[in-house]
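Just below is one structure, and these are the notes that go with it.
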Amino acid sequence: QVQLVESGGGLVQAGGSLRLSCAASGRTLSNYAMAWFRQAPGKEREFAAAIGRSALNRRYADSVKGRFTISRDNAKNTVYLQMNSLKPEDTAVYYCAAGMKPLGIGVREYEYWGQGTQVTVSS
């Protein structure tokens, strides 16, 4: 079992930045591919960014490409999502996920999920 806990969400003005963290416990994070998803009110959960086990490979949704950066520190068992140039449409609950398939973009490709952290971007 892997337990994931997200942090770093909050309220920010459009154009601002936030860095989300996802701390893992239970098993070594380096065994898993990791991803960030997000879910806005009334919408389905959608893929934002993914990173392979060694951090050499990354994948982004078109909507966040060039603005968001996913990274990981396996020594700290933590994954990050740096979000810059935030827009009101980035408002959502952001979820961290762990799975065996590298760079998957589907919700069903990840076995473990955190509880989420709210990000609100005001215009």
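Things worth noting here:
- Residue list for segment 71-94, filter: within 14 Å of Leu4 (Cβ to Cβ) and either aliphatic (A, V, I, L, M) or assigned to a strand (DSSP E or B) (or both): Arg72, Thr78, Val79, Tyr80, Leu81, Val93, Tyr94
- Looking only at residues of segment 1-32 that are part of a loop (DSSP other than H, G, I, E, B) and among the β-branched types (Val, Ile, Thr), we find that the one that is farthest from the chain's Cα centre (by Cα) is Thr28.
- Residues of segment 1-32 that turn out to be surrounded by fewer than 22 Cβ atoms within 10 Å (Cβ to Cβ), small (Gly, Ala, Ser), within 15 Å of Ala75 (Cα to Cα) and in contact (Cβ under 8 Å) with a residue 40 or more places away in the chain, as a count: 4
- Residue in segment 68-83 that is under 22 Å from Ser122 (Cα atoms) and charged (D, E, K, R) present: no
- Residue among Ala49, Ala35, Ala97 that is without any contact (Cβ under 8 Å) to a residue 40 or more places away in the chain, open to solvent by less than 30 Å² (accessible area, probe 1.4 Å) and assigned to a strand (DSSP E or B): Ala49
- Among the criteria (1) open to solvent by less than 20 Å² (accessible area, probe 1.4 Å); (2) more than 18 Å from Gly9 (Cα to Cα); (3) hydrophobic (A, V, I, L, M, F, W, C); (4) more than 11 Å from the chain's Cα centre (by Cα), the one Val121 does not fulfil is (2).
- Scanning segment 60-75 for residues that are touching a residue at least 40 places away in the same chain (Cβ under 8 Å), surrounded by fewer than 18 Cβ atoms within 10 Å (Cβ to Cβ) and not hydrophobic (A, V, I, L, M, F, W, C) turns up just one, Asn74.
- Some residue of segment 87-95 being among the aliphatic types (A, V, I, L, M), in contact with a Phe, Trp or Tyr (Cβ under 7 Å, 6 or more places away or on another chain) and within 26 Å of Leu11 (Cβ to Cβ): no
The values are calculated or read from the model by the stated rules, or taken from the named source; none is laboratory data. From a predicted model like this one, the values you see are computed outputs, not experimental measurements. With ideal geometry, Cβ positions are generated from the backbone for all residues, glycine too; neighbour counts draw on all protein chains shown. Heads up: the accessible areas ignore ligands, DNA and RNA and are worked out on the full protein's heavy atoms, side chains in. Shrake-Rupley method; radii C 1.70, N 1.55, O 1.52, S 1.80 Å.
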